[in-house]
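Please treat every number below as a calculation from the coordinates, not as lab data. The structure presented is a predicted model; accordingly, all values stated were derived computationally and were not measured. Here the Cβ positions follow ideal geometry from the backbone for every residue, glycine too, while neighbour counts run over all protein chains shown.
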Amino acid sequence: MKALYDVASEARKNSYSPYSHQKVGAAVRANKKGQATTTIFGGCNVENSSYGACCCAEQTAIHTAVASLGPETQILEVLVITDADPAWPPCGICRQVITEFAQNPDIPIHCTNLAGKTRTQKLSELIPQAFGSDYLKK
Ligand code: THU
């Protein structure tokens, strides 16, 4: 988890957040389906004057992973870091985006803050009965 924390806190420094002034960093551990090697990708929130165009840190990190590893990308673990207490969990849209690429419904999601407090939950606890790709295959 230390490696994820370090990548996420570095990425957080690049946050573009002139509207909320909330710097958020994220890191995901990912691999290509069937490959043992995992890689950590970081991301930060990137805001926009048209607020609906803002992108959360988790989505930046996941999309960076996909851009590097391709459509077979699997996410094995996620860490989010804010300067908030309690530490922020991923928003609803991020939970849905994590669901799309999660290796399984129980991957750990670590919510941390700069003070070092961490709460870890399974993805399935954060988004029970998630709408995943399986529904579209039936
Ligand atoms: N934010 C994230 O980056 N991740 C989340 O899961 C929650 C919210 C960002 C979006 C926006 O830039 C700022 O935090 C305030 O909502």
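Helix 92-101 versus the longest principal axis of the chain: what angle, 0 to 90°, nearest 10, using Cα atoms?
The answer is roughly 40 degrees.
Can you tally the net charge around Asn45? Count Lys and Arg as +1, Asp and Glu as -1, for every other residue whose Cβ sits under 15 Å from the Cβ of Asn45.
-1
Which lysines, on any chain, are close to Lys23 with Cα under 23 Å apart, when same-chain ones fewer than 8 places away are left out?
Lys2, Lys13, Lys117
Give me the percent relative contact order of the chain, please, defined on Cα pairs under 8 angstrom at least 6 residues apart.
The value is 20 percent.
So which aspartates and glutamates pass the test for Lys122, namely a Cα distance under 16 Å, with those fewer than 8 places away in the same chain ruled out?
Candidates past the 8-residue exclusion: Glu58, Glu77, Glu100, Asp106.
Hey, what's the per residue convex hull volume over the C-alpha atoms of the chain, in cubic angstrom?
111 Å³
Per DSSP H run of at least 4 residues, take -39500 (n - 2.57); add these up for the chain, divide by its residues and hand me the 222 nm value, nearest 500 deg cm²/dmol.
-8000 deg cm²/dmol
Sort 17-24, 107-114 by packing, meaning the average of other beta carbons within 10 Å per residue, with the highest value first.
Order by mean packing, descending: 107-114, 17-24.
How do the peptides 66-73, 115-122 rank, highest first, by the average count of neighbouring beta carbon atoms within 10 Å per residue?
66-73, 115-122
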